[in-house]
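To start, the structure under review is shown below, and the notes come after it.
Read-outs throughout are calculated quantities, based only on the coordinates presented, and are distinct from any laboratory measurement. This is a predicted model, so every value here is computed, not measured. Cβ: placed from backbone, ideal geometry, glycine included. Neighbour counts: every protein chain shown.
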Ligand SMILES: Cc1cc2nc3c(=O)[nH]c(=O)nc-3n(C[C@H](O)[C@H](O)[C@H](O)COP(=O)(O)OP(=O)(O)OC[C@H]3O[C@@H](n4cnc5c(N)ncnc54)[C@H](O)[C@@H]3O)c2cc1C
């Protein structure tokens, strides 16, 4: 049930939240921080981020999409939006437990038993338990339903055997949302079940994978007869595909933040690139005076306005009733591809200086642009590649014939 505070209460809340965030925003820790939750590599990065989430929650500023009986602040989208805007304004660290906050937790709220909700949701909010997502496998990414990891029934639970890959945050996680095959003889969609897997189980090996930036954050997870109690199942056996689709919809929609938040972050990035183009010399003049650079910035500005208006349209119920996921899916595609072109342009503006990496004292803007450019490719892959999302929009929104 959504709580709808009046304007006076919201104004008072904004004042209180702004004061708390301004006073408690963590200082620069003096070591390299990850740009997103996908690159949390070291223990000190993780602890820094975990503590920030825990403090935000303890201050009553996190969990406005969770009912009070599960540790939330009561469902108030308006308050959630205010905190999100203030965090963006004050450039606070991101929420490290994002997988749990944005898609594992809401899936548990939708399908979990009372016991699962009461046990897991408060610890997700407080960042006491970190969650990772075990869907992808070496031979099952876009075609997720062909996954081979088995969860075999035993007397008191299941034994898991298989191999998950690209598992963000597995090295810090206490739990995994795990999609595994419980019935190998059933049709590939019907044979799957969804589990809340305890990562501390025996028979689990977590191996780090290095990205092209040289950073970690990804892992592969190998299960060798790893035991799991029977009450780890979410929903019922065979319901895994249906639940996984809900999770993926939440994951894809997570790119669709509030319209104002999205607009603020798009234009903040544009401002930074304009500053960069003003500050960078290019054959005897400023890069911004090069008509090709100016034209590319203008094009990105036009697209940023289109994305921002798309986000506003996503908040108008009457425009979204028939196909609620159409706008979020489109937004995920266009904003991730926009981000790739923006960071590509930044590297072009920098020229040879784009080769200076984060640790180099001469790297412009602390080396953030080449790092962001490399990281931008993951955004067009994770949660469903741009090609797959275009297929979904073509088939389910535009009604085009199925690709296969
Ligand atoms: C940053 C990042 C974080 C991730 N985090 C996680 C995580 O925490 N947990 C997890 O389970 N997974 C995670 N993943 C994995 C991600 O979900 C998969 O990479 C993604 O689903 C694509 O699968 P794949 O890599 O196997 O590529 P493939 O499925 O092998 O695709 C290869 C190429 O073929 C194209 N393609 C495939 N099928 C079609 C088709 N039918 N039509 C058109 N083109 C097609 C794809 O678009 C892609 O370009 C993450 C990935 C990234 C990049």
**OP:** For residue 94 paired with residue 42, estimate the spin-label separation in nm (one decimal), with each label point 7 Å from Cα along the Cα-to-Cβ line.
**Re:** 1.9 nm
Subject >> Approximate spin-label separation residue 347-residue 390, in nm, with each point projected 7 Å along Cα-to-Cβ >> reply: 2.1 nm
Original post:
Exposure proxy check: 347, 232 ranked by fewest other beta carbons within 10 Å?
Top reply: 347, 232
Original post:
Given springs between every Cα pair under 10 Å in a Gaussian network model of the chain, which of 380, 161, 113 has the largest fluctuation?
Top reply: 113
Original post:
Classify the stretch 131-238: rounded, prolate or oblate, from the alpha-carbon gyration tensor (a ≥ b ≥ c, eigenvalue square roots; a/c under 1.5 rounded; otherwise prolate if a/b is larger than b/c)?
Top reply: oblate
**OP:** Please order 250, 49, 329, 178 by the number of other Cβ within 10 Å, starting at the fewest.
**Re:** 250, 329, 49, 178
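Would the stretch 41-129 count as rounded, prolate or oblate if I go by the C-alpha gyration tensor, calling it rounded below 1.5 in a/c and otherwise prolate when a/b exceeds b/c, oblate otherwise?
Oblate, because a/c is 1.5 or more while a/b does not exceed b/c.
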**OP:** With springs connecting C-alpha atoms under 10 Å apart, model the chain as a Gaussian network and identify which of 208, 328, 361 has the largest mean-square fluctuation.
**Re:** 361
Original post:
For the stretch 122-142, list residues with backbone N below 19 Å from a point placed 7 Å from the Cα of residue 58 toward its Cβ?
Top reply: 122-130
Subject >> Contact order normalised by residue count of the chain, Cα under 8 Å, 6+ apart, percent >> reply: 11 percent
**OP:** Specify the residue with the greatest mean-square fluctuation among 112, 382, 366, computed from a Gaussian network of the chain linking alpha-carbon atoms under 10 Å apart.
**Re:** 366
Original post:
Arranged from highest to lowest average of other beta-carbon atoms within 10 Å per residue, in what order do the peptides 330-342, 300-312, 18-30, 274-286 appear?
Top reply: 330-342, 300-312, 274-286, 18-30
**OP:** Would you mind getting me the FRET efficiency between residue 278 and residue 323? Use the beta-carbon distance for r and R0 = 35 Å, nearest 0.05.
**Re:** 0.25
Subject >> Viscosity 0.692 mPa s, temperature 37 °C, Stokes-Einstein D of the chain from Kirkwood C-alpha radius, µm²/s >> reply: 144 µm²/s
Original post:
What length, rounded to one decimal in nm, is gained on full extension from residue 359 through to residue 10, with 0.36 nm per residue of separation minus their alpha-carbon distance?
Top reply: 121.4 nm
